[in-house]
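The values are calculated or read from the model by the stated rules, or taken from the named source; none is laboratory data. Because the structure is predicted, anything quoted here is derived from the model rather than measured. Cβ coordinates were reconstructed from backbone atoms using ideal geometry, including for glycine residues, and neighbour counts include every protein chain displayed. For the accessible areas, the whole protein counts, side chains as well, though only heavy atoms, and no ligand, DNA or RNA atoms are used. Shrake-Rupley method; radii C 1.70, N 1.55, O 1.52, S 1.80 Å.
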Amino acid sequence: MPTVASTALRVPQSRIRELADIAMRMDDVLKLYFGESNIPTPEYIKRAATKALEEGYTFYTENAGLPGLRQDLAGYYRRVHDVDLDPRSEIVVTASGVQALNVTIRCVLNPGDEALVLTPAWPNSAANIWMDNATPTEVPLLLHGDRYAVDFDSLEAAVTPRTRLLVYTSPSNPLGWVATENEQEELLEFARRYNLWLLADEVYERLYYRGATMSDPAPSILRKASRDDAVIVAQSFSKTYCMTGWRIGWLVARRDVGEKAAQLNEFIISHPASFIQRAAQAALAQGEEELRRMLARLGENRDFCLAALRRIPGVTVPSPDGAFYLFPKIEGLTDSFTFCRKLLEETHVGVAPGVAFGAGGEGSIRICYAAEQGILEQAMERLADFLSRNLA
Ligand SMILES: Cc1ncc(COP(=O)(O)O)c(C=O)c1O
């Protein structure tokens, strides 16, 4: 009897999805477990997709994506980060951020290689490393006061002769941590010193609260790297433009990886849907105003949830600088999955268990605050009540 390959079996299940699967079988759940806002995709993006269908964008495109979209992405980097990219070789359009992670990790790891992953982190990059028959080594960020920082001593200690890649996410899911420019420089130096690929997941770069003006992006590693550096950025339209279900993203990489990723995409997805690529062009061209409105709303939600959580005895919440998550630590919590399941079943509040985010995550829960304030108010109230009954 043929069996599923052992290399597939060793890819762990996402524990966020495991909890979501329970929640999806229930009614009236306050859904704060997934990383998406409940704002529908803006009308101008939907109209652009419909128009593209009418105009005949129903055929195959280049593996790297429509040249026009890649040019617009190069324009975006010039405008937003003052970085020059070659749209023909350094930018590849992908069918989502996770697909950008998938194809780039496939391009840089051989079976048996090792990759360092800064955690707590969204589990999909580690899972993609497993999928390539390589092994992730998790290196937790350290909490100093109410801010996280990269633990360079532990990174040094974790490098082996098989290490080929270092992955980090900034702004971070689930922490909201944003790598400082200093940390980015040190990460780049570290990668250069040990001959590693440096993969930065920057899908939350526009959800940043510490810029000089609203909607300033979080600093990108591309501002520090030269085009010869072994640097890759994974990106997505999902979070910035409320397009999670559309499945469209992009990657930026050194030319050799950019070209190889485009070629491999032929065998994975060929390319993202043609008319969705046109809608993505509209998002880049017209998205700034809606983005500012969303950021104002997210900032209010974050402040509301932070204040509510900080009033609960036994709960400490590091201050986030970006993304749309809070990662409160709950005193005495040792099994966050059981805690979240019980919270869900008894109160219909759905949050993600900290254990899902790897080393450093257990003992916390992740709350996505990109919901309506009314939902957040009820959720915070029920959580406080649940904690007073369960951890007193
Ligand atoms: C850190 C991080 N990277 C990448 C993604 C992928 O987003 P998508 O695949 O929807 O583009 C997510 C989604 O939650 C994420 O949190």
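Selection of first residues in the range 94-105 that are more than 9 Å from residue 251 (Cα to Cα) and open to solvent by 10 Å² or more (accessible area, probe 1.4 Å) and of second residues that are within 7 Å of the ligand (Cβ to nearest atom) and in a helix (DSSP H, G or I), restricted to Cβ pairs under 7 Å at least 6 apart or on distinct chains, gives the following pairs, ordered by first then second residue: 98/124. Considering only the range 109-148, state which residues are away from the ligand (no atom under 16 Å from the Cβ), out of contact with any helix residue (DSSP H, G or I) (no Cβ under 6 Å at 6 or more places or on another chain) and open to solvent by less than 20 Å² (accessible area, probe 1.4 Å). Across the range 109-148, the qualifying residues are 109, 113, 134.
Against the condition open to solvent by less than 30 Å² (accessible area, probe 1.4 Å) and closer than 30 Å to residue 212 by Cβ, how does residue 295 come out, does it pass?
So residue 295 fits the description; yes.
Scanning the range 138-185 for residues that are farther than 28 Å from residue 239 by Cα and β-branched (Val, Ile, Thr) yields 159, 160, 163.
For the range 160-215, taking the residues that are of a type in the set (Gly, Ala, Ser) and surrounded by 15 or more Cβ atoms within 10 Å (Cβ to Cβ), the one that is farthest from the chain's Cα centre (by Cα) is identified as 191.
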